[in-house]
1. Hand me the trypsin sites (Lys or Arg not before Pro) from the range B:225-282 located in a DSSP loop with no more than 12 other Cβ atoms within 10 Å, in residue order please.
2. Please report, for the Cα atoms of chain B, the Rg to one decimal and the Dmax as a whole number; what are they, in angstrom?
3. With a 1.4 Å probe on protein heavy atoms only, tell me which residues of the range A:233-268 lose at least 50 Å² of accessible surface in the complex relative to the chain by itself.
4. Could you calculate the FRET efficiency of residue B:121 with residue A:42 from 1/(1 + (r/R0)^6), where r is the beta carbon distance between them and R0 is 56 Å, rounded to 0.05?
5. Among B:246, B:262, B:345, pick out the residue whose Cα is farthest towards the positive end of the charge dipole of the range B:215-353, where Lys and Arg carry +1 and Asp and Glu carry -1 on C-beta, about the Cα centre.
6. Can you send over the carbon and sulfur percentage of the accessible area for the protein assembly as shown, probe radius 1.4 Å, protein chains only?
7. Any idea of the total accessible area buried by the B-A contact, 1.4 Å probe, rounded to 100 Å²?
8. Please calculate how many Å² of accessible area the range A:1-106 carries per residue, with a 1.4 Å probe and no DNA, RNA or ligand atoms counted.
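The values are calculated or read from the model by the stated rules, or taken from the named source; none is laboratory data. Keep in mind that this is a model prediction, so the values were computed, not measured. Glycine gets a Cβ as well: all are built from the backbone with ideal geometry, and neighbour counts include every protein chain shown. These accessible areas exclude ligands, DNA and RNA; they are computed on the full protein's heavy atoms, side chains included. Shrake-Rupley method; radii C 1.70, N 1.55, O 1.52, S 1.80 Å.
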Protein chains: 2
Amino acid sequence: MTDTTTPRPGPVPYKRIATEEGWAATGQLDRYRRLVEQGKLDDPAFNAMWRFYLAGTSDRTRHIERCLGDTDDLRLQHMDAAGIDIAVLSLTSPGVQVFGRDEAVAMARDANDELAAAVGRRPDRYAGLVAVAPQDPAEAAKEMQRGVRELGMRGVIINSHTHGEYLSDPKFWAIFEAAEALDVPIYLHPNCPPKAMAMPFLEAGLDGAVFGFGVETGLHALRMMTSGVFDRFPKLQLILGHMGEALPFWLYRLDYMHRATVRSGRYPQLKPLQRGIPEVMRNNVLITNSGVVDPLGIKFSQAQLGVDRVLYAMDYPYQYEIGEVLALDAMDMPAADKKAFFEDNARRVFRLG
Amino acid sequence: MTDTTTPRPGPVPYKRIATEEGWAATGQLDRYRRLVEQGKLDDPAFNAMWRFYLAGTSDRTRHIERCLGDTDDLRLQHMDAAGIDIAVLSLTSPGVQVFGRDEAVAMARDANDELAAAVGRRPDRYAGLVAVAPQDPAEAAKEMQRGVRELGMRGVIINSHTHGEYLSDPKFWAIFEAAEALDVPIYLHPNCPPKAMAMPFLEAGLDGAVFGFGVETGLHALRMMTSGVFDRFPKLQLILGHMGEALPFWLYRLDYMHRATVRSGRYPQLKPLQRGIPEVMRNNVLITNSGVVDPLGIKFSQAQLGVDRVLYAMDYPYQYEIGEVLALDAMDMPAADKKAFFEDNARRVFRLG
């Protein structure tokens, strides 16, 4: 966490648009508290994480809980101090995805109204993504329409798996149909690894943002690619945070072994793709650097996917570090590429004008 | 798989030393077959993979089964055709690690004798790694001594988890003590993800080399780092294949979130490290490019870890592609760095003279 001695970012020839910025709706954390206390959710990593966060026993957890709920005061002060011009806000993970269907549908609607109001108060500083309940794909598609057309939202936030289910299952594809029709991107944000894979991570303290989040979300994106989502929805745009959850680095192996596995005929569910993993990664996937302030990794990803596919994100309030903004301002990178990273790509992808 | 029209690699100013080359001991695959047929091993990804491989229904599986067992004829022809001067051989995954303790201990000993004999017939072309049974750490340490001192082995091969257990557990640390005392590296090779995490991968056909192998092995290496193995054994050298299982790309986030998590006090098992993840990665971890023929990724990793920490591997017979050798020969890279990659690092790490 930033302390008060950190120098402030100076003027730069681009706006800084941060694109994976967490926000909690009124009552959201209380609902998580009830869920944890009732002990009915069969999701050991969620239960362990939120039991800890909601106890607020460390500076880090208190900072996060304090910042998540605010959009009018502290957040703007923090943005000003860090030189963030615009924040693209999304309902913090796991959003509504840990609840039953009816509660999740209602909660998403309320959260979207609340976020639209916050953005409406400061349209110069905020844009918002629509939260949806994948538990009811048809309702999710309707809420996306309402969010984009009536509330002015700029994309959709989905926090990886929903009760251990993945969007590779065609029962969810009404969501992709709506995203394609509305021409808005889906940000696939991490969630805690589901019970079916959590324990080897959780027992070592590696289930969270340090590693488990990333591999679970990377798996989710790969499941989407290999199930043919992007053949069926060729215009769909998927955003992955955390340097693309390392998929750009894995690209050669993913492509080689996916093709070898398809050829071998081992899995009936792995059918040949019209457009393989590299083509999808370079045409349908955008990534942000949330949590990863590594100029080498950013430049590697620009080379791998294209300069127009790598966007800036801070991951506020989970990683509020002014020094990281300074480090990214100082990247040795052509001015146009740096402006694409901080500003132009976000304006294009989220239609910020 | 390479076909006969691929041009052969020409002369280059370095020897090509391939460092993650698989070999099967006499009877090993028959033992796997019995294990699968008996249905007693509670390891769904292993059972599914070997049921498929041993049926030999695709060109790929027939090629692999044919090549794995050979060290005197076909393998040397393939090495000649691909321009591989020296292959560092290791018992193919999961080695002896799926068996009960006594069977595994005996099987490792026999396999090491057999591999030493094969290397002895062609010491100009082969070096070998010691297979061990982590099921019995004290016996594993003894076998490492015998393998290195009596059989002339150059390191140790361990195929990630053993019955779902990880080397982060101090009960295994006699193995690290022996490796440090003998001054030989441990190659942590992938295994199938264990039952406690396999299903979200397996049901999508992503449990194998395409993705599941890599994240499970990366998790294993991280568990070693965060459990303090390298504080306790500061000279230990760990080799990771497949471009370091992407850990070099994750390095900033691993470091940031590991430190944040330790500070938060969330997990009693995550204690502060004397030497953090970046320091360990740059002093105790070596990586090979097995399966990843991506000059950008190789150069990224050299910059991240050091030119002396990135080694060449082919991953024979699983990825026998002469075109990949040609692509790596053609990398735009300073001559000394390319020689370090193909030859010098392997000579130093495996003491090949």
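1. Numbers: sites: B:232, B:235, B:253, B:259, B:263, B:266, B:275, B:282; in loops: B:235, B:266, B:275.
Passing both the DSSP loop test and the Cβ count: B:235.
2. Using the Cα atoms of chain B, the pair Rg, Dmax is 19.3, 59 Å.
3. Listed in order, they are A:249, A:250, A:252, A:253, A:256, A:257, A:264, A:266, A:267.
4. 0.50
5. Checked the options; the winner is B:262.
6. 50
7. Counting protein atoms only, the buried area is about 5900 Å².
8. Details: 4630 Å² over 106 residues.
For the range A:1-106, the per-residue accessible area is 44 Å².
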